[in-house]
Amino acid sequence: MEVLVIAALIGLIPAFIAQKKGHSFGLWWIYGAALFIVALPHALIMKPAEGSEEANKQKALELASKGFTPVRESAVDFAADGVIGSTPYRNEPDGGVVAIVNGRTIKFKNREDLETILRGAVS
């Protein structure tokens, strides 16, 4: 009986990790309780589910490492200075450019960076 209680408790570890990455807590709890030695490394190395908070954080970090900074404002408050293709943009006082790309507001270092990204998205 003690073994089942311990298995149920240690099964919570991979379940919490998987839940943070956007996967089912219950399924991972059962998996972790049954095969903890396999489930824990699996939970640690698996990629986050698409659209999960963890996946969004990773995507923001990737964009930030390339020099693009997500801006926290809604698209409704966005007043565009112009449009490149079908992408509205606004010039910032610091020389940067804020644009709405794929429904997300992103700040670029300059207009050339914005144009480069838009050309890459079309290609």
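Taking only the Cα atoms of segment 1-62, the radius of gyration and Dmax are 12.8, 47 Å. Highest average first, the peptides 29-35, 44-50 ordered by how many other beta carbon atoms sit within 10 Å of their residues are 29-35, 44-50.
Against the chain, whose longest principal axis comes from its Cα atoms, helix 111-122 is set at around 60 degrees. Taking the square roots of 5 times each eigenvalue of the Cα gyration tensor of the chain, largest first, gives ellipsoid semi-axes of 45, 13, 11 Å.
Label 7 Å along Cα→Cβ of residue 49; segment 24-39 residues with amide nitrogen under 15 Å? Counting only backbone N, you get 24-31. A straight chain from residue 66 to residue 111 at 0.36 nm per residue would run longer than the Cα-Cα distance by 14.7 nm. When 68, 25 are compared by accessible area at a 1.4 angstrom probe, the order from most to least is 25, 68.
A straight chain from residue 42 to residue 10 at 0.36 nm per residue would run longer than the Cα-Cα distance by 10.1 nm.
The values are calculated or read from the model by the stated rules, or taken from the named source; none is laboratory data. Because the structure is predicted, anything quoted here is derived from the model rather than measured. So basically every Cβ, Gly included, is an ideal-geometry build from the backbone, and we count neighbours across all protein chains shown. We work out accessible area using only protein heavy atoms, side chains counted, and drop any ligands, DNA or RNA first. Shrake-Rupley method; radii C 1.70, N 1.55, O 1.52, S 1.80 Å.
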